[in-house]
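Sharing a structure, written as structure tokens. Questions coming.
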Protein chains: 2
Amino acid sequence: MRYSKLFGKTVKEAPSEAALESHKLLYRAGFIRESTAGRYFFLPLGERVQQKIMKIIKEEMDRIGGQEMLAPVLHPLFLWQETNRDKAVGFELMKVRDRRDFEFALGGTAEEMFVDVVRKFQISYKDLPFNVYQFSTKFRDELRARGGLLRVREFIMKDAYSFHTGKEDFKKEYHRMWDTYTLIFERMGLKTIPVEADNGYIGGEYSHEFVVESKIGESRFLITKGSEVGMHEDVARFKKEEKNLDEKEQPLKEVEAVRGASMEDGVEFHNLPLWQQIKDVVYVDDSGRFILAVIRGDYEVNEVKLKNLLSLNLFRFATDEEIREKLRSEPGFISPAGIKDNLTKGVELIVVGDDSLRTVKNAYGGANKKNKDLLNVNIDRDYQLDKEGDIAMAQPGFTSLDGEMLFEKRGIEVGNIFQLGEYYSKRMKNATFIDKDGKLKPFYMGCYGIGLGRTMATIAEIHRDEKGLVWPDSVAPFLVHLIGLKGAEEKANEVYKKLNEEGIEVLFDDREDVSAGVKFADADLIGIPVRLVVSLKTGDKIEWKKRNQEKSELLVFEELVDRLKTAVFP
Amino acid sequence: MRYSKLFGKTVKEAPSEAALESHKLLYRAGFIRESTAGRYFFLPLGERVQQKIMKIIKEEMDRIGGQEMLAPVLHPLFLWQETNRDKAVGFELMKVRDRRDFEFALGGTAEEMFVDVVRKFQISYKDLPFNVYQFSTKFRDELRARGGLLRVREFIMKDAYSFHTGKEDFKKEYHRMWDTYTLIFERMGLKTIPVEADNGYIGGEYSHEFVVESKIGESRFLITKGSEVGMHEDVARFKKEEKNLDEKEQPLKEVEAVRGASMEDGVEFHNLPLWQQIKDVVYVDDSGRFILAVIRGDYEVNEVKLKNLLSLNLFRFATDEEIREKLRSEPGFISPAGIKDNLTKGVELIVVGDDSLRTVKNAYGGANKKNKDLLNVNIDRDYQLDKEGDIAMAQPGFTSLDGEMLFEKRGIEVGNIFQLGEYYSKRMKNATFIDKDGKLKPFYMGCYGIGLGRTMATIAEIHRDEKGLVWPDSVAPFLVHLIGLKGAEEKANEVYKKLNEEGIEVLFDDREDVSAGVKFADADLIGIPVRLVVSLKTGDKIEWKKRNQEKSELLVFEELVDRLKTAVFP
């Protein structure tokens, strides 16, 4: 490719809204342009990188037996209604009607579509397992787009869906995909950390994000020293150490407590440790039920864990008014003890407790009346839970179940793998296969995504220096950046022709009215792995310099081709 | 690929709504499935064909210097408003709003988007010409989807846009694209006929469709024997032979004519030839103006030619009531002679005439009054035209400008190339480049499309027999269909492994519970170019049969690989 005719040349300035270095560089070097917020053009250089990323993913997906196919981008909305996801996904889902008033979702993820096409066939256990995938445009109506390609509203995603006879077979695929993802990102120069995460609106029981550590990442997670797997705070389990379990249970006592409504006010008033206090948070679910979440005073409630424990979709905090009028309690003085005795008629209340409540004895807290507290509150004896489990937010500094300290890291999520189990096959009709015994059984499923644009931005963020981008060989838009200097135009042209004949991808800066300095600066900015310079000074030889090294060498053409074909790009 | 694990196996029956053979076969052989009307899943076999088509297009586009890039699928509606195309395209354009109430068009074609990204750069004449293209999902809200992949509502299109300093440079590109399209389709086994067509809502002055002749095609065109280029009736010019020009002009005469309102009634009443009668058709344009189109009695008005001559967008016929009340004329008795003398106040009327009116003298027709006709009507003397040109519909049997007879043919339009000229760059702000003289000038443009799914369906329609599909080597989903028969499982497995090692694409029918007959029938249905059979009977050799030939041969493995690598797939 001759740079003189390339559409999308370098520019000096990035737009002021570009905050991240990778965004600025991808803009300045001519890889991307914004159409409207969060929707990008991939210019010829950018599209070349995107396609190399695509090729690596395809190779590795095919290697493990993946089958590429393609689903429509407009999904009939009735499919999303079949799984109730049209509501769960909420605002992020864009919808459109056609001229016959038929309603579609603009696909942001395609589980329903793939189940729908699979159930058009009579699948037998002999056909299973299979893993089908596609590269296609995805839409997410994000509230805020940011970071160039990092959080966008439209992007190409590789999404894969695997179908199995059951859990055991699925687990093998999950591990295979785990290894494949690690390898895919490695091939692109990205070291990833798998991070256990909540499945969110995708459904299913467990999932892992593949995260590239980076200060600018939006994905925060916890990890212990030496561990290779992280955990999101939404799923991270940790040790809740026993506090005063050797104490004897004391008699429950109601006391006058003229204090403020905060946890700290309680600590100060009673002069007792925070961990001994009971923390109470009241929510309302989408059907109007009240949920009282109770936890040890030094922990926070994690709402995702709470939702998952209760299998609920939507939440909001109860208002002070509701606490007084519906629960007949008092903000700042709520207690699980006795709260159910005094509810307004018709009000439903579920009391959910964190298992940390079993690590304390003789706890203290409110008495469901203003300025009254209870002392020596004990679980089971003084209050009962409707549901008990882990609803506590993990924090850096806490101890993992293995007894190691949890550290916080940040990173960019470039891919994820999900166990879906029977989440879709049980909600969608006829999503079944014929098993060995002749019976129809629901598929056991998984799904696996990689966002291409975000991966490209992450590579740019990780592989750059103060002069510009430094593409890994595997995803570089071209392998060679050839520069011809004044007086050596003819020879440069000849080298260009010969490199093309050798099948080597070359960007040839053949501009005649541009100084050597500008050409060198542009080459550094664009970041192609090998720079070759042909000038009057290089004689019969050609100057060879790798973008990620300082030294340059003079090579004859044959040597150079040899290197390009072997050492540089194995 | 092992057939046992392939998703999308053959089935016996096609759905009843599948009318075309290609549709039935693509369905039965497991290449496609419908999601909702006009929106298709490409199953793994189908997607492999689609990607081979894509690869051929990419290779040929790149060979002539095309630069692949990618634009968002959601186009900001304000861009379509900038060119007024949001109205011109009408119902086919789907629109969607995001959560911030920003309106988008679902791209059906991307001229505005590409002009928009290009104008983000300071383009100099030195950067020109360039031709940028993309493969991306396109949406057309068609009233009727039909023919499987032939007329759909969502599809992948290769759309290219070229930018030039002016007409001369553009013409070179138009010819290059012409040749490239011919070659692209040839490589896929399709012989195309370029057919001159109207540009429609794409804009610009001329265009050519690439049409594959087929009885099931929707594209009708006219062509002379031996010609390599056809013409759509909307643009086809033809010889309008002179009739009675040697006659002397006779005095205009109004006569009583108690007759019906049809042309035949006039012929019968006056006992004069149809060609001597004047045909009058009244339209109303989108601003409420009346348009009287006048033509020789034996020709029909072509509305596209009429629209183009007048540069108008929308049309409807005038009602009888309007003809009486606004034009103060009479349906069936309209005449260009004198019609403007008697219009209702405020009514605007444009009289447009076909140039065929100059081939007759002493014509006859209505007198703008019921049961009154005019005889000896002569152009210029008795009536004047506001606009004159070719608005006549060409018909099979007419004579081309070269003096040859026009025949009608039908075919499937698989691609098209458009001259756009300055259509977009004049309507969109700042769509300019800096010319040699330092002045800003509008780009001169062209655009070039190929629909991938329709191309695939066309190949399937052309290349098939009574047993199934017969893919050309270049686009076949696999090159080899390997069948292992009972007792030779181990050897078949070994051949499969060795072929894979040789880098040959193999579909291996490894099913153990399926008869030889079923396997052979499935192979014929799927239509992969080479069938290899390994059985106890073939001994050390392997049976080789091409799908498009009857004879089979026994070959040793090395021979077979040799053939696969050379003769079959050059």
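What tally of residues in region A:381-429 results from selecting those that are farther than 30 Å from A:Glu242 by Cβ, acidic (Asp, Glu) and part of a loop (DSSP other than H, G, I, E, B)?
Count: 1.
Applying the selection to region A:7-26, what residues are surrounded by 21 or more Cβ atoms within 10 Å (Cβ to Cβ), within 14 Å of chain B (Cβ to nearest Cβ) and not aromatic (Phe, Trp, Tyr)?
Matches in region A:7-26: A:Gly8, A:Leu26.
Let me ask something else. Pull out all pairs, ordered by first then second residue, where Cβ-Cβ is under 7 Å, the residues are six or more apart or on different chains, the first lies in region A:120-140 and is more than 8 Å from chain B (Cβ to nearest Cβ) and touching a residue at least 60 places away in the same chain (Cβ under 8 Å), and the second is of a type outside the set (S, T, N, Q) and in a helix (DSSP H, G or I).
So the pair list comes out as A:Asn131/A:Glu173; A:Tyr133/A:Met61; A:Phe135/A:Met54.
Take residues that are among the hydrophobic types (A, V, I, L, M, F, W, C) and over 30 Å from A:Phe41 (Cβ atoms) and tell me which of the strands (runs of 3 or more DSSP E) falling wholly in region A:135-246 contain 3 or more.
Strands (runs of 3 or more DSSP E) meeting the threshold: A:193-197, A:219-224.
Kindly establish whether B:Gln50 is facing another protein chain (nearest Cβ under 8 Å), over 22 Å from B:Val118 (Cα atoms) and in contact with a helix residue (DSSP H, G or I) (Cβ under 9 Å, 6 or more places away or on another chain).
In short, yes.
Oh, and also: Has region B:120-129 got at least one residue that is among the hydroxyl-bearing types (Ser, Thr, Tyr) and under 18 Å from the mean Cα position of the chain (by Cα)?
Checking region B:120-129: not a single residue is among the hydroxyl-bearing types (Ser, Thr, Tyr) and under 18 Å from the mean Cα position of the chain (by Cα).
Against the definition (over 21 Å from the mean Cα position of the chain (by Cα), surrounded by fewer than 21 Cβ atoms within 10 Å (Cβ to Cβ) and outside any loop (DSSP other than H, G, I, E, B)), how does A:Lys58 come out, yes or no?
The answer is no for A:Lys58.
Shifting gears a bit: Which one is farthest from the other protein chains (Cβ to nearest Cβ), of the residues in region B:61-71 that are buried (at least 21 other Cβ atoms within 10 Å of the Cβ) and among the small types (Gly, Ala, Ser)?
Filtering first and then ranking leaves B:Gly66.
Working only within region A:8-67, note down all residues that are hydrophobic (A, V, I, L, M, F, W, C), touching a residue at least 24 places away in the same chain (Cβ under 8 Å) and farther than 21 Å from B:Glu68 by Cα.
Passing the criteria: A:Ala18, A:Ala19, A:Leu20, A:Ala37, A:Met61, A:Ile64.
Being more than 30 Å from A:Asp435 (Cβ to Cβ) and surrounded by fewer than 22 Cβ atoms within 10 Å (Cβ to Cβ) narrows it down to one of A:Glu218, A:Glu154, so name that one.
Answer to the selection: A:Glu218.
Could I ask something else about it? Answer yes or no as to whether B:Thr83 is polar (S, T, N, Q), more than 8 Å from chain A (Cβ to nearest Cβ) and farther than 28 Å from A:Gln50 by Cα.
yes
Here's something else I'd like to know. Considering region B:72-95 alone, what residues qualify as being modelled with pLDDT of 95 or more and either assigned to a loop (DSSP other than H, G, I, E, B) or closer than 18 Å to A:Arg140 by Cβ (or both)?
B:Pro72, B:Val73, B:Leu74, B:His75, B:Pro76
Then there is this: Suppose we filter region A:547-568 for residues that are assigned to a strand (DSSP E or B) and under 41 Å from the mean Cα position of the chain (by Cα); how many remain?
Summing the residues that are assigned to a strand (DSSP E or B) and under 41 Å from the mean Cα position of the chain (by Cα) in region A:547-568 gives 1.
If you don't mind, there's one more thing I want to ask. Given A:Gly389, A:Gly365, A:Gly397, which one is of a type in the set (Gly, Ala, Ser), surrounded by fewer than 17 Cβ atoms within 10 Å (Cβ to Cβ) and touching a helix residue (DSSP H, G or I) at 6+ places or on another chain (Cβ under 8 Å)?
Step by step, each of A:Gly389, A:Gly365, A:Gly397 is checked, and only A:Gly389 is of a type in the set (Gly, Ala, Ser), surrounded by fewer than 17 Cβ atoms within 10 Å (Cβ to Cβ) and touching a helix residue (DSSP H, G or I) at 6+ places or on another chain (Cβ under 8 Å).
A:Asp562 is checked against (1) over 18 Å from A:Asp509 (Cα atoms); (2) surrounded by 17 or more Cβ atoms within 10 Å (Cβ to Cβ) and fails just one. What number does that condition carry?
With respect to (1) over 18 Å from A:Asp509 (Cα atoms); (2) surrounded by 17 or more Cβ atoms within 10 Å (Cβ to Cβ), A:Asp562 is out only on (2).
Still on this model: Return only the number of the condition from (1) facing chain A (nearest Cβ under 7 Å); (2) touching a residue at least 60 places away in the same chain (Cβ under 8 Å) that B:Leu74 does not satisfy.
Answer for B:Leu74: the failing condition is (2).
Out of B:Lys87, B:Lys58, I need the residue that is of a type in the set (Lys, Arg) and closer than 29 Å to B:Ser311 by Cα. Which one?
So the residue among B:Lys87, B:Lys58 that is of a type in the set (Lys, Arg) and closer than 29 Å to B:Ser311 by Cα is B:Lys87.
Just wondering, is there one or more residues in region A:89-102 that are aromatic (Phe, Trp, Tyr), surrounded by 20 or more Cβ atoms within 10 Å (Cβ to Cβ) and either more than 9 Å from chain B (Cβ to nearest Cβ) or over 25 Å from the mean Cα position of the chain (by Cα) (or both)?
The answer is no; no qualifying residue exists.
How many residues are touching a residue at least 24 places away in the same chain (Cβ under 8 Å) and assigned to a helix (DSSP H, G or I) when one looks only at region B:516-536?
The qualifying residues number 10.
I would also like to ask the following. What's the number of the only condition in (1) facing chain B (nearest Cβ under 9 Å); (2) within 20 Å of B:His75 (Cα to Cα); (3) modelled with pLDDT of 95 or more that A:Phe155 fails to meet?
Going through (1) facing chain B (nearest Cβ under 9 Å); (2) within 20 Å of B:His75 (Cα to Cα); (3) modelled with pLDDT of 95 or more one by one, A:Phe155 breaks only (1).
Shifting gears a bit: Here are B:Glu218, B:Glu241: which of them is over 14 Å from the mean Cα position of the chain (by Cα) and of a type in the set (D, E, K, R)?
Sole residue among the options that is over 14 Å from the mean Cα position of the chain (by Cα) and of a type in the set (D, E, K, R): B:Glu241.
Out of region A:27-47, which residues are assigned to a helix (DSSP H, G or I) and either surrounded by fewer than 23 Cβ atoms within 10 Å (Cβ to Cβ) or at the interface with another protein chain (Cβ under 7 Å from one of its Cβ atoms) (or both)?
Those that are assigned to a helix (DSSP H, G or I) and either surrounded by fewer than 23 Cβ atoms within 10 Å (Cβ to Cβ) or at the interface with another protein chain (Cβ under 7 Å from one of its Cβ atoms) (or both): A:Tyr27, A:Arg28, A:Pro44, A:Glu47.
Shifting gears a bit: Consider A:Phe170 against the criteria (1) surrounded by 24 or more Cβ atoms within 10 Å (Cβ to Cβ); (2) more than 18 Å from the chain's Cα centre (by Cα); (3) more than 12 Å from every other protein chain (Cβ to nearest Cβ): it satisfies all of them except one. Which criterion is unmet?
The number of the failed condition is (1).
Could you check, for region B:511-531, whether at least one of its residues is modelled with pLDDT under 95 and among the acidic types (Asp, Glu)?
yes
The values are calculated or read from the model by the stated rules, or taken from the named source; none is laboratory data. Remember, predicted model here, so these are calculated numbers, not experimental data. Cβ atoms come from the backbone with ideal geometry, glycine included; neighbour counts cover every protein chain shown.
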